[in-house]
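> Sharing a structure below in structure tokens format, with a few things to ask.
Read the figures in this text as sums done on the coordinates, not as results from a lab. In this text, all values refer to a predicted model and were calculated from it rather than measured experimentally. All Cβ positions, even for glycine, are placed from backbone atoms using ideal geometry, and neighbour counts span all protein chains on display.
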Amino acid sequence: MIRFANVILHSETATRQDAFREWLQNIAGELSSPGGEMPDDNEIREHVLNRFRELRLQMLRDSDWAVLPDSPLGTIAKARYIQWRQNLRDLPQNYPDIRDAVWPEDPD
């Protein structure tokens, strides 16, 4: 998971959305069997959603500093982080298939 999380969290050459698409392609490769058989779409969807939740949790943890009471951010910047974090939390509810998700814009 960390390898793919780093693609999204620390990508300098691609947009976050492009990095997310690359991450999704890599996850799909995790599911192929040695015989080349692919699991059904529901299995793929569930696997991607579970991996997405892991990534989202890491992103939320990495941004905890921004919303703590002693954060160095001003009121407006902190509000942007609060909204961004909520948008991350809402992605699974807003997209029945997380593979179709549009990644929220970074708060900074």
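> Subtract the Cα-Cα distance of Leu73 and Gln17 from 0.36 nm times their separation in residues, and report this length gain in nm to one decimal.
Value of the extension gain: 17.6 nm.
> In nm, to one decimal, how far is the modelled label at Met38 from the one at Asn50, with both set 7 Å along Cα→Cβ?
About 1.9 nm, to one decimal.
> Multiplying the sequence separation of Asp100 and Asp64 by 0.36 nm and subtracting their Cα-Cα distance, what value in nm do you get? Could you put the intermediate results ahead of the total?
Numbers: separation 36, 0.36 × 36 = 12.96 nm, distance 2.63 nm.
Between Asp100 and Asp64, full extension yields an extra 10.3 nm.
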